[in-house]
Every structure is written in structure tokens, then in C-alpha cells.
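The structure appears below as C-alpha cells.
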Amino acid sequence: MQGTMLYGPGDVRFEERPDPKIIEPTDAILKVSAACVCGSDLWPYRGIAQIDGPTPMGHEYVGIVEEVGSEVKHIKPGQFVVGSFWASDNTCPICQAGYQSRCVDARPIGAEGAQAPFLRVPLADGTLVATPELPPDDLIPSLLSASDVLGTGWFAADASEAGPGKTVVVVGDGAVGLCAMIAARQIGAERIIAISRHDDRQKLALEFGATDIVTERGDEGVAKIKDMTGGLGAHSVVEAVGTQESMMQAIHSARPGGHVGFVGVTHGVELPGMDLFWATVHLHGGPAPVRRYLPELLDLIWNQKINPGKVFDLSLPLDQVAEGYRAMNERRAIKTLLRP
Ligand SMILES: [Zn+2]
């Protein structure tokens, strides 16, 4: 088959790769129906995160099960499935507590490379969730979003303890931040403040449930949030960027006793001890345990209660994946969907 490889900064190639095969008896092979480019793929694409030689790319996927290993009991060939970007057994104590992304046997799907027509998924029974039947084509973008951005945004909103009567600030207007707004609205937040400077993203933020838009960043952004909350700060803050500025903006935007849910993959973030000490906030974050939320998210999507697939504003054939990266890197697209 042909699949996506990153050779170095800006150098994405769609080239011959080995067909995935069952390696362990708990594996499944999927025929990928759709994959996409993640904001986190842009870190190595921009050369900010280092790679050791040519690397398979992609960790978000939906598809139809082609084949399963001899120990796979619940997932069956022919099913349409969604899985997290971390494979997990869903049975160990960490999984049972709801933290499947840190399963004792967690495996990164990125290592397999989901931006390809076929994909090996380890620990298939623990990782994959099947839809009730084959989905109509127009649900595929939303189902794909559940694989990462929606699940990650959901975890961030949950970790920030968004809920009725709460004011939620979302720092970051990429796909994850936007999906956190969907989550905050579903969970019943009273006020959702999006930090966003981009017209197209502001429009989607309002559609997804934001009640206010703030364009200021850093300390100015914090001052604005304090103004809007009677000088107190927000109850709940989602951090969905991963830079020093966004992390400090998130922590300083929360009121004493508030909660910060952080899911932006951090790059060079260092928290000053005294800022942390005086902030008096709850910090909860990390790689989102998307698998915890998948049954609920698939149900909401299947019943058309939410439409997170709108974060995909560019759809390309898989062999044009390099253009998909370029468009996101240049902010011409929020998120690129790829169809084999
Ligand atoms: Zn586990």
C-alpha cells in the first residue's frame, strides 16, 4: 500500500509502505474510511519536535474491520469502528479508573501510521468501539473527530469541571479547543468564553456553544477574563495549545479553587513555582483518555445531537496529504480530512 511518511521539517511523502499484518493475536486490521491531520502532527512538521529518520504519520482513524487476530473476541470483520489514538487493553487498573491513554500496555497508534489506506490496531477489543451499523457518509467526519479532537476536547472540559452555573474559558481555537466548547455546552456550562483571533474559528466557536469571544492573549487576555468575571477569574479553564504563554494564561484565568483541564501537548512549558502556589487551582490534564468517552460520544453523534465534524474545513484524497499539512501549517485550514 501507499502511506504517509514524514522525512523532516515540511517534507511529507505519500509513498510505498508495507501492508499492515496481524502481528499479535489481539490485533485488528482496518480498511481506513477516513483519517486526518492533527495539530500535534504540526510540531514535527515544523521541526519543533524532533524525529529520528522517516516516520509514519497519523493517529486518528475510522474504518471497517478487515481481519482480526485469534484472541479478538468482540470486534468482528465488517464492523465500522472508531478507536482512540492510544491503543489500550481497557482492563488494567489504570484503564478501569478511566485513564486508558496511560494503560499499563498503552500503544501509540501514531507508530502504525493512520494516514494510510490500511491500519493495524493493537489490543483491538480494548481500543475499538463499533457503531450500531455502517454509518451514512455524512456522519463519518464527526465519527472521525471522536478518535482524537472531540474526545480530547471532551476530556479537557470534563477535567476543567465545566458544568451548570460555571463560566468556562477555552484557551486555543484549534479543533480541540473548538470541540471543548461543544463539550462544555453539552455538560451544561452557563458561559463559554473562547479565546480566538481568527474570524473563521470565532464563527465556529459561536456555533459550537461559545457565548463570548476574547481576542486578547497572555496577560491582556487574563485581565479581560478578570473583567468579565467580577475580578474573580473563571471556574473552569481549558488549555488546548501547549505553549508557555497559553499555559500561564490558562492558570491565571482560573479563580482560586478553579479547575484547569490541559490537553495541549506541551512544548518548553515550565511552571514557575510561586505562580503555581498562589494560583490555588486544580490542574488535571495530559494525553486524553479518549476511550473512556467513546461510547457516549458515538451515541451523541449517531443521534445527531452534536456535529463536531464541522471542524474539518478541508477534505482531500489521501494521496494529497502533503497539501493537507501545508494548509494547516499556513492556517488556511483548521483541520484536514483525508479519504483513501
Ligand atoms: Zn489498561
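The values are calculated or read from the model by the stated rules, or taken from the named source; none is laboratory data. Nothing here was measured: the structure is a model prediction, and the numbers come from that model. Note that we place each Cβ from the backbone using ideal geometry, even for glycine, and neighbour counts take in every protein chain shown. For the accessible areas, the whole protein counts, side chains as well, though only heavy atoms, and no ligand, DNA or RNA atoms are used. Shrake-Rupley method; radii C 1.70, N 1.55, O 1.52, S 1.80 Å.
Which residue pairs have Cβ atoms closer than 8 Å, lie 6 or more positions apart in sequence or on different chains, and pair a first residue in segment 94-106 that is more than 8 Å from the ligand (Cβ to nearest atom) with a second residue that is open to solvent by less than 60 Å² (accessible area, probe 1.4 Å) and among the basic types (Lys, Arg)? Once the first residue is more than 8 Å from the ligand (Cβ to nearest atom) and sits in segment 94-106, its partners that are open to solvent by less than 60 Å² (accessible area, probe 1.4 Å) and among the basic types (Lys, Arg) give SER101/ARG291. Of the residues making up segment 84-93, those that are of a type in the set (Ser, Thr, Tyr) and near the ligand (Cβ under 9 Å from one of its atoms) are SER88, THR91.
Answer yes if at least one residue in segment 285-293 is assigned to a helix (DSSP H, G or I) and touching a Ser or Thr at 6+ places or on another chain (Cβ under 7 Å), and no otherwise. Looking for residues that are assigned to a helix (DSSP H, G or I) and touching a Ser or Thr at 6+ places or on another chain (Cβ under 7 Å), one finds at least one in segment 285-293, hence yes. Got a number for residues in segment 137-178 being assigned to a loop (DSSP other than H, G, I, E, B) and either among the hydrophobic types (A, V, I, L, M, F, W, C) or touching an Asp or Glu at 6+ places or on another chain (Cβ under 8 Å) (or both)? So the answer is 6. How many residues are open to solvent by less than 20 Å² (accessible area, probe 1.4 Å), in contact with a Ser or Thr (Cβ under 9 Å, 6 or more places away or on another chain) and among the hydrophobic types (A, V, I, L, M, F, W, C) if we restrict to segment 38-71? Going through segment 38-71 one residue at a time, the tally reaches 2. Scan segment 3-25 and tell me whether some residue there is in a helix (DSSP H, G or I) and among the aliphatic types (A, V, I, L, M). Taking every residue of segment 3-25 in turn, none turns out to be in a helix (DSSP H, G or I) and among the aliphatic types (A, V, I, L, M).
TYR325 meets all of the listed conditions (1) in contact with a Ser or Thr (Cβ under 8 Å, 6 or more places away or on another chain); (2) within 28 Å of THR167 (Cβ to Cβ); (3) of a type in the set (Phe, Trp, Tyr) but one, namely (2). Does any residue of segment 62-70 turn out to be more than 14 Å from the ligand (Cβ to nearest atom), touching a His at 6+ places or on another chain (Cβ under 8 Å) and in contact (Cβ under 8 Å) with a residue 60 or more places away in the chain? No, segment 62-70 contains no residue that is more than 14 Å from the ligand (Cβ to nearest atom), touching a His at 6+ places or on another chain (Cβ under 8 Å) and in contact (Cβ under 8 Å) with a residue 60 or more places away in the chain. Would you say LYS31 is open to solvent by 60 Å² or more (accessible area, probe 1.4 Å) and more than 17 Å from GLN115 (Cβ to Cβ)? Taking the combined requirement at face value, the residue does not satisfy it. If you go through segment 113-136 one residue at a time, how many are in a loop (DSSP other than H, G, I, E, B) and of a type in the set (Val, Ile, Thr)? The total comes to 1. For GLU15, the requirement of being surrounded by fewer than 22 Cβ atoms within 10 Å (Cβ to Cβ), touching a residue at least 24 places away in the same chain (Cβ under 8 Å) and either farther than 22 Å from LEU144 by Cα or not charged (D, E, K, R) (or both) is not met.
Among residues of segment 179-196 being without any contact (Cβ under 8 Å) to a residue 40 or more places away in the chain, part of a helix (DSSP H, G or I) and among the aliphatic types (A, V, I, L, M), the one that is nearest to GLY233 (Cα to Cα) is MET181.
The criterion of being near the ligand (Cβ under 10 Å from one of its atoms) and at pLDDT 95 or above does not hold for PRO77.
When only residues in segment 211-248 that are touching a residue at least 40 places away in the same chain (Cβ under 8 Å) and closer than 26 Å to PHE85 by Cβ count, which is surrounded by the most Cβ atoms within 10 Å (Cβ to Cβ)? Taking the candidates together, the pick is VAL238. Among residues that are in contact with a strand residue (DSSP E or B) (Cβ under 6 Å, 6 or more places away or on another chain), of a type in the set (Val, Ile, Thr), at pLDDT 95 or above and over 14 Å from TYR293 (Cα atoms), THR55 is included.
Would you confirm whether any residue within segment 110-126 is within 16 Å of the ligand (Cβ to nearest atom), more than 23 Å from ILE182 (Cβ to Cβ) and open to solvent by 10 Å² or more (accessible area, probe 1.4 Å)? Within segment 110-126 (the criterion being within 16 Å of the ligand (Cβ to nearest atom), more than 23 Å from ILE182 (Cβ to Cβ) and open to solvent by 10 Å² or more (accessible area, probe 1.4 Å)), the answer is yes, since at least one residue qualifies.
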